[in-house]
Amino acid sequence: MQISMPLSLSLLLSLVFFSFSLSYAASDPTYQSLLQCLSQSIPSQNASAILFSNTNPSYASVLQAYIRNARFNTSTTPKPAIIITPTEESHVSAAVNCSQKVGFHLKVRSGGHDYEGLSYVFDQPFFIMDMFNLRSISVDISDESAWVQAGATLGELYYNIWERSNVHGFPAGLCPTVGVGGHLSGAGYGTLIRKYGLASDHIVDARIVDANGKILDREGMGEELFWAIRGGGAASFGVVLAYKVKLVRVPETVTVFRVDSLLSDNANTTDIAYKWQSVAATTDNNLFMRMILQPATRNRRRTVRVSIRGQYLGDANSAVALLNRDLPELGLSRENCTETRWIDSVLWWTNIAVGTSPTALLDRNVNDADFLKRKSDYVQTPITRTGLESLWQKLVEGNVGLACNSYGGRMDEISATETPFPHRAGNLYKIQYSVNWDEPGNVADMNYTSQARELHEFMTPFVSKNPRRAYFNYRDIDIGTAENWSYEEGKVYGESYFTGNYERLVDVKTAVDPENFFRNEQSIPPRT
């Protein structure tokens, strides 16, 4: 009896609170207007089941489930009036129409790996449409293709491919919890970039809801809109429901390796970094290498660690022979290498031990979401040894690291205008500036974001110019934001992300969404 009373009381209180929340939602005119509108095309019980107002007991957990940057998960962060969680394509169409009728802006979130929170934060009244329920994946090995809905994660896509084939993969990102919708629409890249190009280079069809609420496939949307959502970001043009992608072939055995070098321990460290810049972009297309430059502490003294992580589409002996020929400074040995299947290499890149079941890729739960800031650059001429030595001095002053991702190979062969993503031939590698911290508050935020900006400014002489280029999927509002969504405002960040392709993206936007319903702080504006 002593046990059952508290349980009964707890259940009673939960029911009372839930009933109160429902009654409060029922009195909320915005909620009522949206529900009434949706119920005209969706059965009312289904419509209410996909809506979470801010009085719903599950609202906070639904909102926070896909926030991957703790900077945008504070008490003062602007929050949506309602979260819409469609379970069918028709729900998306209805939500687009009804959001316009109710007069609220609509943000669309697929995975939440949105460095500036543009998919779930806004300073005007808004709704979020979270796509996490739309996550079906259909793999057709005979056609070497897959249909994947926007709310699926990369990990789920990789797992579904692996279930059906050991010799197929897909050239997308390294983090398994990234959502397909945003990743593919913004280009997307991974370890297969030099062999096969970008994720968006392999999109062959799509389904999208436009500003009129119409569901369109490639034929229905036309080639201009289809071009735009393969690297130009779908959030400016509509809501992507699903992509059809072509799979790529991978060998049964791939090799991954890692070699670390501390500046304080190895006089060869600067030579490794200098030589890597040219070799990584010109070596065999089966080899991808990422160079990570980061401050480190050794014997209580600050120094720099240069870490080369790579993947070779083949066996370890071939990888060692190739690197000993092209980059002997690295000193790669067989002991540095691990031979494995492609699916296991995906786990390796996410710091999950090789041998772990690929089911780990289905885990959507992020253990914690750090506070973070990211920026990006493109390098077209190798940084000199003197330049690198000055960079080492700058790195040890702070906490920011650089992840340098090799280009060349297939990226040199695709025209800069083939898709909106223009950063092709002429680029040796892309830099991602990265800093994470765990202290909340404005002081820490200012400290770490300032460090990232200062290092970015320091790198100005060494990177692309006129315009200084940036990667769209590494959103960075420091580049510029839109307040009135004018053509000139958009040009500031638009040319950084898309160079000459900005003009064509503006033309597409003007044609498909002239009223600018689909917008965020860095969206493509209509020409008017």
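The values are calculated or read from the model by the stated rules, or taken from the named source; none is laboratory data. Treat the numbers as computed from the prediction; the structure is a model and nothing was measured. All Cβ positions, even for glycine, are placed from backbone atoms using ideal geometry, and neighbour counts span all protein chains on display. Side chains are part of the model used for accessible areas, which takes the heavy atoms of the whole protein and leaves out ligands, DNA and RNA. Shrake-Rupley method; radii C 1.70, N 1.55, O 1.52, S 1.80 Å.
What number of residues in the range 228-285 are over 22 Å from residue 327 (Cβ atoms) and either assigned to a loop (DSSP other than H, G, I, E, B) or of a type in the set (Phe, Trp, Tyr) (or both)? Even if it seems obvious, please write down each step before you answer.
Initially, the range 228-285 is screened for residues over 22 Å from residue 327 (Cβ atoms), giving 228-250, 252.
Filter once more, keeping what is either assigned to a loop (DSSP other than H, G, I, E, B) or of a type in the set (Phe, Trp, Tyr) (or both): 229-233, 237-238, 243, 247, 250, 252.
Summing the residues that are over 22 Å from residue 327 (Cβ atoms) and either assigned to a loop (DSSP other than H, G, I, E, B) or of a type in the set (Phe, Trp, Tyr) (or both) in the range 228-285 gives 11.
If I ask for residues that are within 15 Å of residue 474 (Cβ to Cβ) and of a type outside the set (A, V, I, L, M, F, W, C), which ones from the range 155-199 would you list?
173, 182, 183, 185, 186, 188, 189, 190
Looking at 416, 425, which is the one that is in a loop (DSSP other than H, G, I, E, B) and either within 28 Å of residue 307 (Cα to Cα) or in contact with a Phe, Trp or Tyr (Cβ under 7 Å, 6 or more places away or on another chain) (or both)?
Values: 416 fails: either within 28 Å of residue 307 (Cα to Cα) or in contact with a Phe, Trp or Tyr (Cβ under 7 Å, 6 or more places away or on another chain) (or both).
Result of the check over 416, 425: 425.
I want to confirm something. Restricting to the range 362-373 and keeping residues that are touching an Asp or Glu at 6+ places or on another chain (Cβ under 7 Å) and not in a loop (DSSP other than H, G, I, E, B), which single residue is farthest from residue 434 (Cα to Cα)?
The first filter runs over the range 362-373 and keeps only residues touching an Asp or Glu at 6+ places or on another chain (Cβ under 7 Å), leaving 362, 370-371.
Remaining after also requiring not in a loop (DSSP other than H, G, I, E, B): 362, 371.
Values: 362: 26, 371: 11 Å.
So the residue we want is 362.
Only one residue in 142, 93 is surrounded by fewer than 22 Cβ atoms within 10 Å (Cβ to Cβ) and within 16 Å of residue 241 (Cβ to Cβ), so which one is that? Spell out how you get there, then give the answer.
On the way: 142 fails: within 16 Å of residue 241 (Cβ to Cβ).
Going through 142, 93 in turn, the sole match is 93.
Report whether or not residue 388 is open to solvent by less than 20 Å² (accessible area, probe 1.4 Å), touching a strand residue (DSSP E or B) at 6+ places or on another chain (Cβ under 8 Å), in a helix (DSSP H, G or I) and not aromatic (Phe, Trp, Tyr).
On the way: open to solvent by less than 20 Å² (accessible area, probe 1.4 Å): yes; touching a strand residue (DSSP E or B) at 6+ places or on another chain (Cβ under 8 Å): no; in a helix (DSSP H, G or I): yes; not aromatic (Phe, Trp, Tyr): yes.
Spelling it out, it is not the case that residue 388 is open to solvent by less than 20 Å² (accessible area, probe 1.4 Å), touching a strand residue (DSSP E or B) at 6+ places or on another chain (Cβ under 8 Å), in a helix (DSSP H, G or I) and not aromatic (Phe, Trp, Tyr).
Is it fair to say residue 86 is touching a helix residue (DSSP H, G or I) at 6+ places or on another chain (Cβ under 8 Å), within 19 Å of residue 237 (Cβ to Cβ), part of a loop (DSSP other than H, G, I, E, B) and open to solvent by less than 10 Å² (accessible area, probe 1.4 Å)? Can you show your working first?
Working: touching a helix residue (DSSP H, G or I) at 6+ places or on another chain (Cβ under 8 Å): yes; within 19 Å of residue 237 (Cβ to Cβ): yes; part of a loop (DSSP other than H, G, I, E, B): yes; open to solvent by less than 10 Å² (accessible area, probe 1.4 Å): yes.
So residue 86 passes the test.
When you scan the range 333-350, how many residues do you find that are open to solvent by 40 Å² or more (accessible area, probe 1.4 Å) and either assigned to a helix (DSSP H, G or I) or modelled with pLDDT under 95 (or both)? Before you say what the answer is, go through the steps one by one.
First pass over the range 333-350, keeping only residues open to solvent by 40 Å² or more (accessible area, probe 1.4 Å): 334-336, 338-339, 341, 348.
Remaining after also requiring either assigned to a helix (DSSP H, G or I) or modelled with pLDDT under 95 (or both): 334-336, 348.
Counting residues in the range 333-350 that are open to solvent by 40 Å² or more (accessible area, probe 1.4 Å) and either assigned to a helix (DSSP H, G or I) or modelled with pLDDT under 95 (or both) gives 4.
When the range 106-119 is examined, which residues are found to be open to solvent by less than 10 Å² (accessible area, probe 1.4 Å), in a loop (DSSP other than H, G, I, E, B) and under 18 Å from residue 152 (Cβ atoms)?
Answer for the range 106-119, where residues must be open to solvent by less than 10 Å² (accessible area, probe 1.4 Å), in a loop (DSSP other than H, G, I, E, B) and under 18 Å from residue 152 (Cβ atoms): 111, 112.
Could you grab me the full set of residues in the range 199-226 that are assigned to a helix (DSSP H, G or I) and either among the basic types (Lys, Arg) or open to solvent by 20 Å² or more (accessible area, probe 1.4 Å) (or both)? Give the derivation first.
From the range 199-226, those assigned to a helix (DSSP H, G or I) are 199-202, 218-221, 223-226; that's our starting set.
Result: 201, 202, 218, 219, 220, 221, 223, 224.
Give all pairs with beta carbons closer than 6 Å in which a residue from the range 413-424 that is surrounded by fewer than 16 Cβ atoms within 10 Å (Cβ to Cβ) meets a residue that is of a type outside the set (A, V, I, L, M, F, W, C); count only pairs at least 6 apart in sequence or on separate chains.
Pairs that qualify, where the first residue is surrounded by fewer than 16 Cβ atoms within 10 Å (Cβ to Cβ) and the partner is of a type outside the set (A, V, I, L, M, F, W, C), are 414/197; 414/424.
Would you point out the residue of the range 286-325, among those that are outside any strand (DSSP E or B) and modelled with pLDDT under 95, that is surrounded by the most Cβ atoms within 10 Å (Cβ to Cβ)? Before you say what the answer is, go through the steps one by one.
Let us first name the residues in the range 286-325 that are outside any strand (DSSP E or B), namely 286, 299-300, 313-325.
Those left that are additionally modelled with pLDDT under 95: 299-300.
Details: 299: 7, 300: 5.
This residue is 299.
Taking the options 181, 186, 151, name whichever one is touching a Gly at 6+ places or on another chain (Cβ under 6 Å), crowded, with 24+ Cβ neighbours inside 10 Å and closer than 30 Å to residue 100 by Cβ. Before you say what the answer is, go through the steps one by one.
On the way: 181 fails: touching a Gly at 6+ places or on another chain (Cβ under 6 Å); 151 fails: touching a Gly at 6+ places or on another chain (Cβ under 6 Å).
Exactly one residue qualifies, and that residue is 186.
Taking the condition of being open to solvent by less than 40 Å² (accessible area, probe 1.4 Å) and more than 11 Å from residue 527 (Cβ to Cβ), how many residues in the range 490-501 meet it?
The total comes to 7.
If you take the residues of the range 431-476 that are of a type in the set (Asp, Glu) and touching a residue at least 40 places away in the same chain (Cβ under 8 Å), which of them is least open to solvent (accessible area, probe 1.4 Å)? Even if it seems obvious, please write down each step before you answer.
We begin by selecting, within the range 431-476, every residue of a type in the set (Asp, Glu); these are 438-439, 445, 454, 457, 476.
Then drop every residue that is not touching a residue at least 40 places away in the same chain (Cβ under 8 Å), which leaves 438-439, 445, 454, 476.
Numbers: 438: 117, 439: 78, 445: 39, 454: 101, 476: 4 Å².
Top of the filtered list is 476.
Can you pull out the residues in the range 463-497 that are in contact with a Ser or Thr (Cβ under 8 Å, 6 or more places away or on another chain), in a helix (DSSP H, G or I) and farther than 19 Å from residue 518 by Cβ?
479
Residue by residue through the range 41-69, note down the ones that are over 13 Å from residue 84 (Cβ atoms), surrounded by fewer than 19 Cβ atoms within 10 Å (Cβ to Cβ) and in contact (Cβ under 8 Å) with a residue 40 or more places away in the chain.
Correct list: 41, 57, 65.
With the requirement that a residue be touching a helix residue (DSSP H, G or I) at 6+ places or on another chain (Cβ under 7 Å) and in contact (Cβ under 8 Å) with a residue 40 or more places away in the chain, what does the range 491-510 give you?
Within the range 491-510, 498, 505, 508, 509 meet the criteria.
Answer yes or no: is there a residue in the range 164-176 that is among the small types (Gly, Ala, Ser), closer than 16 Å to residue 240 by Cβ and buried (at least 24 other Cβ atoms within 10 Å of the Cβ). I'd like the intermediate steps shown before the answer.
Step one: filter the range 164-176 for residues among the small types (Gly, Ala, Ser), giving 165, 169, 172-173.
With closer than 16 Å to residue 240 by Cβ added as a condition, the list becomes 172.
If we keep only those that are buried (at least 24 other Cβ atoms within 10 Å of the Cβ) as well, we get 172.
Checked against the condition, which is being among the small types (Gly, Ala, Ser), closer than 16 Å to residue 240 by Cβ and buried (at least 24 other Cβ atoms within 10 Å of the Cβ), the range 164-176 yields at least one hit.
From the list 228, 296, 280, 267, which residue is in contact (Cβ under 8 Å) with a residue 24 or more places away in the chain, out of contact with any strand residue (DSSP E or B) (no Cβ under 7 Å at 6 or more places or on another chain) and aliphatic (A, V, I, L, M)? It would help to see each step written out before you state the result.
Working: 296 fails: out of contact with any strand residue (DSSP E or B) (no Cβ under 7 Å at 6 or more places or on another chain); 280 fails: out of contact with any strand residue (DSSP E or B) (no Cβ under 7 Å at 6 or more places or on another chain); 267 fails: in contact (Cβ under 8 Å) with a residue 24 or more places away in the chain.
Criteria check complete, one pass: 228.
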